[in-house]
Amino acid sequence: MLKKLKFFLKLYLYKTQGLLGFKRCDIMSVINDYYRDDFMTLEKKDIAVILPHCLIADKCPAKFSKFNGVLCTKCKLCGCGKIYAIAEQKGYQFYISPSVGFTKRLARRKNLKGVIGVACDYEIERGISSEKIRGTGIKIAGNSIKTQGIRLHVYDCVNNDVDWDKIIKLM
């Protein structure tokens with residue numbers, strides 16, 4: 001009960017800091033810590049690793065599917081292919097998403113129970129503002145999803161970077 005109270009207090013503090021224009025706490029670590037134990041009990045087949053499109057290389061040969069997002073070819077022009085190969089080997093689903101809206105639809109279609117996600121501060125803020133965060137998970141498209149997330153290094157929709165090793169550690 002105390003853990004839940006601390007979690008929601010930190011979430012409220014995060015939202016209040018934003019409203020007042022103050023520097024915010026690292027909300028991803030707060031969310032990761034809170035959901036980690038439940039996340040670890042999920043079957044890997046019910047978890048997706050979802051990367052944002054801003055991590056793919058400029059000359060990426062991947063095609064786009066309106067059902068599965070960017071279809072990685074493991075071309076080695078960026079780190080996405082390596083993450084895809086590891087996710088596949090460990091039994092996770094893998095997607096590269098063009099938008100938050102697409103990710104929400106994907107979560108509903110695939111009936112995901114867990115997500116290892118990567119996002120920029122802007123998308124994290126949008127997600128926190130638009131979705132219900134509960135003790136049982138983040139409500140996305142009617143499903144309670146346990147998340148583990150990683151923040152991108154910068155807010156840039158074209159040439160972005162992430163701590164690739166941190167994604168691997170979460171898997």
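The values are calculated or read from the model by the stated rules, or taken from the named source; none is laboratory data. For clarity, every value in this text was computed on a predicted model and none was experimentally measured. Cβ placement follows ideal geometry from the backbone for every residue including glycine, while neighbour counts extend to all protein chains displayed.
Descriptive notes on the structure:
Matching residues to (1) exposed (fewer than 15 other Cβ atoms within 10 Å of the Cβ); (2) outside any helix (DSSP H, G or I):
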{"position": "Lys6", "(1), (2)": "yes, no"}
{"position": "Leu9", "(1), (2)": "yes, no"}
{"position": "Leu13", "(1), (2)": "no, no"}
{"position": "Thr16", "(1), (2)": "yes, no"}
{"position": "Ser29", "(1), (2)": "yes, no"}
{"position": "Arg36", "(1), (2)": "yes, no"}
{"position": "Ala57", "(1), (2)": "no, yes"}
{"position": "Phe64", "(1), (2)": "yes, yes"}
{"position": "Cys75", "(1), (2)": "yes, yes"}
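- Complete set of residues in segment 100-121 that are exposed (fewer than 15 other Cβ atoms within 10 Å of the Cβ) and in contact with an Asp or Glu (Cβ under 9 Å, 6 or more places away or on another chain): Asn111
- Per the listing Gly127, Gly69, the residue uniquely under 22 Å from Asp37 (Cα atoms), out of contact with any Lys or Arg (no Cβ under 6 Å at 6 or more places or on another chain) and among the small types (Gly, Ala, Ser) is Gly127.
- Single residue of segment 122-160 satisfying the filter (touching a helix residue (DSSP H, G or I) at 6+ places or on another chain (Cβ under 9 Å), over 18 Å from Pro98 (Cβ atoms) and charged (D, E, K, R)) that is surrounded by the most Cβ atoms within 10 Å (Cβ to Cβ): Lys146
- Criterion violated by Ser129 - all others in (1) under 19 Å from Phe67 (Cα atoms); (2) polar (S, T, N, Q); (3) at pLDDT below 90 satisfied: (1)
- Where Leu42 falls short, out of the listed (1) part of a helix (DSSP H, G or I); (2) under 24 Å from Leu106 (Cβ atoms); (3) of a type outside the set (Lys, Arg): (1)
- Restricting attention to segment 18-27, the residues that are among the small types (Gly, Ala, Ser) and surrounded by 13 or more Cβ atoms within 10 Å (Cβ to Cβ) total 1.
- Close pairs (6 angstrom Cβ cut-off, 6 or more residues apart or separate chains): under 15 Å from Thr103 (Cβ atoms) in segment 67-82, surrounded by fewer than 14 Cβ atoms within 10 Å (Cβ to Cβ) anywhere: Val70/Phe64
- Restricting segment 80-99 to residues that are of a type outside the set (Ser, Thr, Tyr) and within 16 Å of the chain's Cα centre (by Cα), the residue that is surrounded by the fewest Cβ atoms within 10 Å (Cβ to Cβ): Pro98
- Residue check for Leu11: touching a residue at least 40 places away in the same chain (Cβ under 8 Å) and among the aliphatic types (A, V, I, L, M): yes
- Any chance Asp46 is under 18 Å from Asn159 (Cα atoms) and in contact (Cβ under 8 Å) with a residue 40 or more places away in the chain: no
- Residue match in segment 101-123 (condition: in a helix (DSSP H, G or I) and more than 30 Å from Lys10 (Cβ to Cβ)): yes
- Enumeration of residues in segment 105-128 that are in contact (Cβ under 8 Å) with a residue 40 or more places away in the chain and either over 23 Å from Phe94 (Cβ atoms) or among the aromatic types (Phe, Trp, Tyr) (or both): Glu125, Ile128
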